[in-house]
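What follows draws every value from the coordinates through simple rules; no lab data is involved. Remember, predicted model here, so these are calculated numbers, not experimental data. Reconstructed Cβ throughout: ideal geometry from the backbone, glycine too, with neighbour counts over all protein chains shown.
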């Protein structure tokens with residue numbers, strides 16, 4: 001096995017165990033791994049941004065293809081950096097104004113089309129569908145999201161949740177019933193989102209544990225076992241040092 | 001001077017906002033080209049915005065190290081790991097692999113970033129479970145509905161759950177595809193209406209907080 005893979009297995013195992021040590025309590029090993037994570041992530045983002053923006057979007061198109069118009073966004077981007085010069089900081093407003101203006105302009109028609117009209121269109125669908133040989137049919141199959149019964153449920157769900165968030169009308173009488181229905185739909189959605197998130201995290205946990213089990217293999221030098229012992233020993237020693245340095249109460 | 005500092009930015013927002021809102025309704029190749037170009041422009045400007053954020057991070061931790069504040073050693077670790085990753089990344093030309101062979105930058109990604117990120121999110125499973133234990137007691141009808149929906153979805157996502165409750169798979173899919181979808185749709189419509197309203201306010205200068213405070 002290549003030496004860089006073996007070293008990588010030791011590093012990955014160590015960092016994984018350091019982070020898992022937080023389940024015991026907050027400790028220096030966890031903080032070390034946490035700060036390492038932030039540092040590596042920021043460094044990675046900087047390198048990737050440099051490669052994408054500076055190299056592929058600015059340098060190569062301008063120098064190799066002669067796309068001099070790209071100097072305009074470079075100039076706008078440079079205006080942002082005037083934030084560091086107090087007397088010229090107001091120039092950065094031009095850059096923000098451009099970004100916000102373009103963003104707002106692009107958003108209006110696209111949001112109306114894709115997120116409002118399209119969503120309403122998908123909500124208000126025909127209840128009867130044409131089935132070959134059977135003519136117009138009302139479908140009861142709950143497992144098919146496009147069935148007639150589900151169309152009614154979706155329509156009730158969307159309307160009641162929208163009504164629940166509509167505060168211009170007091171939620172009394174029939175309105176109260178509709179708002180309560182909206183709350184029930186919201187609770188089901190929150191529960192589903194919670195369950196889904198838990199299972200996604202469990203999947204990540206299984207992935208990490210699978211790696212730890214794999215790294216108990218002698219071909220890697222059993223880093224999982226050695227480093228697990230070392231982590232526990234470090235925590236015990238630090239725990240004892242912490243308790244001995246705490247002044248005793250009279 | 002107030003015109004340059006206050007009115008010109010508002011004018012830029014108004015003109016760019018109206019132009020790019022109108023662009024959607026002009027199906028001409030030149031209009032499409034303009035959209036492609038401005039998308040690239042925004043990516044370039046976004047790169048400069050990263051400089052602002054990162055320099056702020058550099059500054060905060062540099063102060064901690066210089067003053068030797070509590071936990072300055074961790075800031076030092078952050079600095080070293082960040083600069084180390086940048087140096088290695090530039091050395092590898094920002095590539096994780098070349099001709100199928102892992103570069104040093106790829107090594108950092110595979111053996112440091114992926115395990116750190118994966119474990120950091122994985123420990124959330126434990127905290128979510130403990131939070132659920134404390135807050136999920138069915139104290140009201142709404143809480144009970146939330147609890148039942150969560151349990152069904154959790155059971156429906158794993159083979160053991162489907163084995164124990166055979167209906168949970170189908171029920172979970174129905175909850176996600178119908179009930180959950182209807183709520184997401186309603187929220188999306190509400191958020192979209194808000195987005196459109198805010199965009200209109202920004203374009204016509206009624207919302208100016210993005211310009212920041214400070215001197216006129």
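Take the range B:17-167, compute every pairwise Cα distance, and split them into 10 Å bins from 0; I just need the percent in each bin.
8, 16, 20, 17, 29, 10, 0
When you look at the Cβ of every residue in A:142-153, what mean number of other chain Cβ atoms sits within 10 Å?
3
How far is helix A:3-20 tilted, in degrees, relative to the longest principal axis of the Cα atoms in chain A, given as a value from 0 to 90 rounded to the nearest 10?
That helix lies at roughly 70 degrees to the long axis.
What is the order of A:184, A:29, B:90, fewest Cβ neighbours within 10 Å to most?
Listing A:184, A:29, B:90 from fewest to most nearby Cβ atoms yields B:90, A:184, A:29.
Mind pulling the angle between the C-alpha long axis of helix A:92-110 and the longest principal axis of chain A? Nearest 10 degrees, somewhere in 0 to 90.
Result, in degrees: 40.
So how do A:171, B:28, B:61 line up by other beta-carbon neighbours within 10 Å, fewest first?
With the sparsest Cβ surroundings first, the list reads B:28, A:171, B:61.
Can you give the helix-only mean residue ellipticity at 222 nm for chain A, where every DSSP H stretch with n ≥ 4 adds -39500 (n - 2.57) and the sum goes over all residues, rounded to the nearest 500 deg cm²/dmol?
My calculation for chain A gives -21500 deg cm²/dmol from helical runs alone.
Please express the Cα-Cα pair-distance distribution P(r) of chain A as a list of whole percents, one per 10 Å bin, running from 0 to the bin with the greatest distance.
Spelled out bin by bin, chain A gives 5, 13, 16, 15, 23, 20, 7, 1, 0, 0 percent.
Mind checking the mean number of beta-carbon atoms from other chains within 10 Å of the Cβ atoms in A:178-191?
So the per-residue partner count for this stretch is 6.
May I ask for the distance between the Cα centers of the range A:68-106 and the range B:1-68, given as a whole number of Å?
5 Å
Residues of B:71-83, mean number of Cβ from any other protein chain within 10 Å of their own Cβ, rounded to a whole number?
Shielding by partners across B:71-83 averages 5.
Mean 1/r over all different Cα pairs, inverted: what Kirkwood radius does the protein assembly as shown give, in Å?
27.3 Å
Any chance you could give the angle, 0 to 90 degrees and rounded to 10, that helix A:223-245 forms with the longest Cα principal axis of chain A?
Rounded to the nearest ten degrees, it is 80.
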